[in-house]
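The block underneath contains the structure these notes are about, expressed in C-alpha cells.
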2 protein chains.
Amino acid sequence: MNVHEPERRLVTLSDVARAAGVGESTVSRVLRNQGSFSKRTQDRVAEAVARLGYVPNRLAGMLAGSGSTAGAKLVGIIIPSLTNIVFPDLLRGANAALDHDGFQSVIGVSDYDPEREEALIGALLSWRPAGLIVTGLEHTAGAVARLRASGIRIVEMIDTDGDGLDIVVGFSNRGVGCDSARHLLARGYRRIGYVGHDITRDLRAAKRLAGFRETLREAGHPLAETEIAPGPSSAAAGRAALGRLLARRPDLHAVYFSNDDMALGGYFHCLAEGVAVPGRLALFGFNALDIAAAMPQPLTTIRTPRLEIGAVAVERLAADGPAETVDLGYELIAGATA
Amino acid sequence: MNVHEPERRLVTLSDVARAAGVGESTVSRVLRNQGSFSKRTQDRVAEAVARLGYVPNRLAGMLAGSGSTAGAKLVGIIIPSLTNIVFPDLLRGANAALDHDGFQSVIGVSDYDPEREEALIGALLSWRPAGLIVTGLEHTAGAVARLRASGIRIVEMIDTDGDGLDIVVGFSNRGVGCDSARHLLARGYRRIGYVGHDITRDLRAAKRLAGFRETLREAGHPLAETEIAPGPSSAAAGRAALGRLLARRPDLHAVYFSNDDMALGGYFHCLAEGVAVPGRLALFGFNALDIAAAMPQPLTTIRTPRLEIGAVAVERLAADGPAETVDLGYELIAGATA
DNA sequence: AATCAGATTGGCAGCGCTGCCAAACCCTGT
DNA sequence: ACAGGGTTTGGCAGCGCTGCCAATCTGATT
C-alpha cells in the first residue's frame, strides 16, 4: 500500500522546529521534557508535532546521545528458548521493570546453543545497549571476552551456582536439586529415579540433577535409575520417558523430573496406566507451572521467582550498583504427588 | 565493574580503517560483504577488526543507511501477552524467518490493551523498522492513523475476520467457532455450554464464541449457558469456571472452552469430581497445546499454525508483495474428550 | 607501448538528533 | 534608566556509519 509512493520523506525534528517557529534544540528539549522552556513554546511544539505527525527517530537520538548518561535506554536480553514458559515469564518480569524505567529491550533466542549465544551477544552489543541480560553462568570464551570488552553492565540470570561476570540474579539450581532430594527422603521414598530432557544443553537442569544425586548418595540411597529423553522438555517426552523408566525399574518409589512439563507428562502416564500417585509412585517436578497446580492432585514442585528475576535483573542493571550475586531463592510446594 | 573506568572510547570503524591502513568506506564494504574488494584488503580488515575487538554500531549504520534499501533490517512485533504460550510460539516462528533474512526484531507487549498498543506502535516506529507486525485487526483510530502514516509494511496476524490495513496472516477465528460447534453437533451433543476468559479484551476469543454461538443457534440448539472467568485464561480459571457452570447447569452435554488452558482446567475439574469425559460431559478446546495432547485422553481441540503465522508474517513483510490476506487455516484434532 | 573496461579504493557529505555554549530575554531591585 | 541573576532560546558541531562519486589500479588487448 505504501511502498510505492513517491518517496515521501519522513517528518524530522527540524521540520517540527520550522513549523513551530522555534529552534531545533528547543523542540528536542520539549520532547524530552528536559531543560527549561516556556509553556507557550511547549504548546506550539506540541501542536506542530501533532499536526505533522512527527515520530522521533530513536536511532538518531541514541547515536547523538551516546556517551552521555541519557543516551542508552536499551537493554539486550538473551534467553535460551521460547518454548518453555519459564523464559517468557522472565521476559514479562523484565518488561514490566523496563517500561517503568522507560527502557526498551532487544531480545535474542539462543536455542540453548553456546555458539549461537556468542553470535547473539555480538548482534545485541551492536545496538549499543546500556546493559545485557544473559541466561546462566556458562558461556564460550569468546562470549566472555565480548561481554568483558563491551564495558557495559551484564546480568547473568537464573543460576547462582558459580562465578558471575558482573551481576548475577537467580537462585541455586544445585540447591533446588538437594532440597528436592531431601523432601523425597523425608517422606520416606528410597528407590528414586530421574526423568529428564537433554541435559548437555540445559546446564541448569544438569546442576539440579547433580545436587539431587549427591544428596541421595550422601543419604545412602543413591539414585536408582535415570531416563533422559532426547530433545527439549515437554509433557509428551515426560510421559514417554517415564514409561520407559518404569519398564526397566517397576520397583521405583519416586521419580524426580527435570521440570514440571516433564512431570506433568509423567503424571499423565500414571493416570493412563493406573499407577497410584503418590501411593505407588511419587512425582516431583520443578518450576511450579500454573497448570500443574490446577491438577486434581497438585504437583509437588519448586516455585522459582521467575517474574522477580526478570524484574530484579533490569533493576540492578539500571541501578549502577556493585557487581554482586542476588539470590532470590525458591520455595518448595508440597503438592499431592510426593 | 566497568562503569567507573576512565571513559574508554569504543573502537569505531575509523579506528579499524586506520589500523588496517585502508579507507573507511573500504572497511564498511568488507564488513557488509558488499561491493568489491581484494582478498588482501579483506584479510587486513579482518585482522584489524579482530585485534581491536571492533563491534559495529548498528545505530549509526541504520541511521546512515536509512532511505536506502539495505537500510532497515528491523521488524517491530507487538503481541498482546507473553503469558499464553501461543504468543511466544508466534515469536518463535517469526524469529526463525527473521534470522534467515538477517533481520532483528523489537518486541512490545500490549497486555491486551488497545491504548497500550497504540503507545507501543509509536515506540516501535521510532526505531524506524522496515515493517511492523501487530496482532489482530482491531486497533484504536490513533493506532491506525500512525500505522498508515508510517509508510512501512504492516502485517496483522492471527485473525482474518475483517479488513486489514495491508497484509493479513492468520485464520478465521469465527470459522474456528463454527467448526467447533459443527463437530459437537455432529457427535450428537445438544445441550452445550461455554467457558471463557475475559472476552472484552481478547477479541479473537470473542469471534470464536460468536461463530460458535451462531452455528448452534442455526442448528436449533442454541448455546445453553456461558461462564466467563475474570482475568486471563489459565487452567485454574478454567477449572473453577467449569465448576460454577456445572453447578448452574448440571445437565450440559458438552462445554466449549475459550482455549486449551481453560479446557485443561475443565478436564481436571471432571477428573477431580468424577465426571466421566466424554460420556457424561464432552470438552472442546482451542489451540492444541502440547500438554493437552499428552493427557490420558487427548483433548479435542483445534490446531492453529502458530509458528507458520509468525514465519509467513515476516516473509511477506520482507517480500514487498501486494497487500493481501493469507489464510493459513487450522485443523480440528479429534481427541478423546469430544 | 598505448588503450580500455572493470575492479578496487578513498574522500566526504549527510542520516536526525543531542550536548554545549553563547545570546537573548525576563524580571527584580536600585 | 541600568545592573544583576535567572530563564529561554538558537546555532552548530559532532555521534559512527553508508552512499555516492571520482580517483586509482589491474590486466588484457591492440
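One line per residue, one yes/no per condition, for (1) more than 30 Å from A:Arg148 (Cβ to Cβ); (2) among the hydrophobic types (A, V, I, L, M, F, W, C):
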| residue | (1), (2) |
| --- | --- |
| B:Gly53 | no, no |
| B:Arg116 | yes, no |
| B:Ala119 | yes, yes |
| B:Ala123 | yes, yes |
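Considering only region A:198-212, I want to know if a residue exists there that is modelled with pLDDT of 95 or more and either at positive phi or within 14 Å of chain B (Cβ to nearest Cβ) (or both).
There is no residue in region A:198-212 that is modelled with pLDDT of 95 or more and either at positive phi or within 14 Å of chain B (Cβ to nearest Cβ) (or both).
Residues checked against (1) touching a residue at least 24 places away in the same chain (Cβ under 8 Å); (2) of a type in the set (Ser, Thr, Tyr):
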{"site": "B:Ile228", "(1), (2)": "yes, no"}
{"site": "B:Tyr256", "(1), (2)": "yes, yes"}
{"site": "B:His269", "(1), (2)": "yes, no"}
{"site": "B:Ala276", "(1), (2)": "no, no"}
{"site": "B:Phe284", "(1), (2)": "yes, no"}
{"site": "B:Ala288", "(1), (2)": "yes, no"}
{"site": "B:Ala294", "(1), (2)": "no, no"}
{"site": "B:Thr301", "(1), (2)": "yes, yes"}
{"site": "B:Arg306", "(1), (2)": "yes, no"}
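Looking only at region A:71-94, filter to residues that are facing chain B (nearest Cβ under 10 Å) and charged (D, E, K, R); which one of those is nearest to A:Ala236 (Cα to Cα)?
A:Asp89
Mind checking whether some residue in region A:218-230 is modelled with pLDDT of 95 or more, out of contact with any Lys or Arg (no Cβ under 7 Å at 6 or more places or on another chain), under 30 Å from A:Thr140 (Cα atoms) and within 14 Å of chain B (Cβ to nearest Cβ)?
Yes, the conditions are met somewhere in region A:218-230.
Step by step: first the residues of region A:43-57, then only those that are open to solvent by 40 Å² or more (accessible area, probe 1.4 Å) and more than 41 Å from the chain's Cα centre (by Cα), then the one that is nearest to DNA strand D (Cβ to nearest atom). Which residue is that?
A:Arg44
Which ones in region B:34-44 are within 23 Å of B:Ala64 (Cα to Cα) and within 9 Å of DNA strand C (Cβ to nearest atom)?
B:Gly35, B:Ser36, B:Phe37, B:Gln42, listed by residue number.
Can you tell me which of A:Leu31, A:Leu10, A:Leu63 is surrounded by fewer than 22 Cβ atoms within 10 Å (Cβ to Cβ), within 11 Å of DNA strand C (Cβ to nearest atom) and outside any helix (DSSP H, G or I)?
Going through A:Leu31, A:Leu10, A:Leu63 in turn, just one is surrounded by fewer than 22 Cβ atoms within 10 Å (Cβ to Cβ), within 11 Å of DNA strand C (Cβ to nearest atom) and outside any helix (DSSP H, G or I): A:Leu10.
Can you confirm whether region B:74-82 contains a residue that is assigned to a loop (DSSP other than H, G, I, E, B) and within 15 Å of DNA strand C (Cβ to nearest atom)?
No, region B:74-82 contains no residue that is assigned to a loop (DSSP other than H, G, I, E, B) and within 15 Å of DNA strand C (Cβ to nearest atom).
Can you name the residue in region B:289-318 that is more than 11 Å from every other protein chain (Cβ to nearest Cβ) and not in a helix (DSSP H, G or I) and, of all such residues, is surrounded by the fewest Cβ atoms within 10 Å (Cβ to Cβ)?
B:Arg303
Of all residues in region B:35-49, which are assigned to a helix (DSSP H, G or I) and either in contact with a Cys (Cβ under 6 Å, 6 or more places away or on another chain) or of a type outside the set (Val, Ile, Thr) (or both)?
B:Lys39, B:Arg40, B:Gln42, B:Asp43, B:Arg44, B:Ala46, B:Glu47, B:Ala48
Which members of region B:141-151 meet the condition of being within 12 Å of chain A (Cβ to nearest Cβ) and touching a residue at least 24 places away in the same chain (Cβ under 8 Å)?
B:Gly142, B:Arg146, B:Leu147, B:Ser150
Any chance region B:78-100 includes a residue that's within 16 Å of DNA strand D (Cβ to nearest atom), at pLDDT below 90 and not assigned by TED's automatic domain parsing to the domain that holds B:Asp290?
No, there is no match, as no residue in region B:78-100 is within 16 Å of DNA strand D (Cβ to nearest atom), at pLDDT below 90 and not assigned by TED's automatic domain parsing to the domain that holds B:Asp290.
Hey, A:Leu271 hits all of (1) assigned by TED's automatic domain parsing to the domain that holds A:Thr200; (2) part of a loop (DSSP other than H, G, I, E, B) but one; which does it fall short on?
(2)
State all residues of region A:247-267 that are crowded, with 23+ Cβ neighbours inside 10 Å and assigned to a helix (DSSP H, G or I); if no residue qualifies, say none.
Residues satisfying the conditions are A:Asp260, A:Asp261, A:Met262, A:Ala263, A:Leu264, A:Gly265, A:Gly266, A:Tyr267.
Among the candidates B:Val106, B:Val55, single out the residue that is facing chain A (nearest Cβ under 9 Å) and in a loop (DSSP other than H, G, I, E, B).
When all the criteria are applied, what remains is B:Val55.
The values are calculated or read from the model by the stated rules, or taken from the named source; none is laboratory data. On a predicted model such as this, the values are computed, not experimentally measured, just so you know. Backbone-built Cβ (ideal geometry, glycine too); neighbour counts: all protein chains shown. The area values use the complete protein model at the heavy-atom level, side chains included, leaving out ligands, DNA and RNA. Shrake-Rupley method; radii C 1.70, N 1.55, O 1.52, S 1.80 Å.
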